[in-house]
Each structure stands twice: as structure tokens, then as C-alpha cells.
Amino acid sequence: MQPGEKLNLTRSIRSPKTGSLLPKEGTLVSVTENLGRTLLLVEFARGHREYVFENEVEFERDRFSSSNSYDEPPRELIELSQQSLLC
């Protein structure tokens, strides 16, 4: 994790400051340890910054496997294509 890395939230999170839902995409600003937890300061659109937990984000580099040159399609899509071949 390096400052400046792009990330996506893995679930909907409501801002404790504004009460509105945070955007899905943001940029890592800093990493802080507190009471054994890793907190990430993330900058969202228009300079809005919020702390989120490490398990609530997915880094852009994590979305693509280095062992594959492509992302594996979702299981539902594979099952649908197999069913359509059987018809």
C-alpha cells in the first residue's frame, strides 16, 4: 500500500461526517495503525477525505491477477453460457 494508489470500496459505506454514501472510487492518502487495526485515509471526489478499514477496500492492482492476462468471468456468466450451449 502506497499513497497515491487507486482503490475501490468493497461495500457501501456511509460517511460519519456527512451521512451520505461514499463514492466507490478513491485514492489512498495514508495508512495508520490504531488499537491493532489498520486505518486507511482515502481521498474521494472533490477532496473529501474519510478513514476506512483495510478490509473495506480493494486496490486496483488486486483486481487483476498477475498469473492471468485476463479476469475470469463471473461464475453466473459461465453457467449461463453452458446452459445456452445445451439448448
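Numbers for the structure displayed
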quantity	calculated
Failed criterion for V29 (all others in (1) among the aliphatic types (A, V, I, L, M); (2) modelled with pLDDT under 95; (3) in contact with a strand residue (DSSP E or B) (Cβ under 8 Å, 6 or more places away or on another chain); (4) not in a loop (DSSP other than H, G, I, E, B) hold)	(2)
Pick from segment 1-26, criterion basic (K, R) and in contact with a strand residue (DSSP E or B) (Cβ under 9 Å, 6 or more places away or on another chain), ranking: farthest from N55 (Cα to Cα)	K17
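The values are calculated or read from the model by the stated rules, or taken from the named source; none is laboratory data. Everything numeric in this text was worked out from a predicted model, so none of it was measured. Positions of Cβ are backbone-derived with ideal geometry, glycine not excepted, and every protein chain shown enters the neighbour counts.
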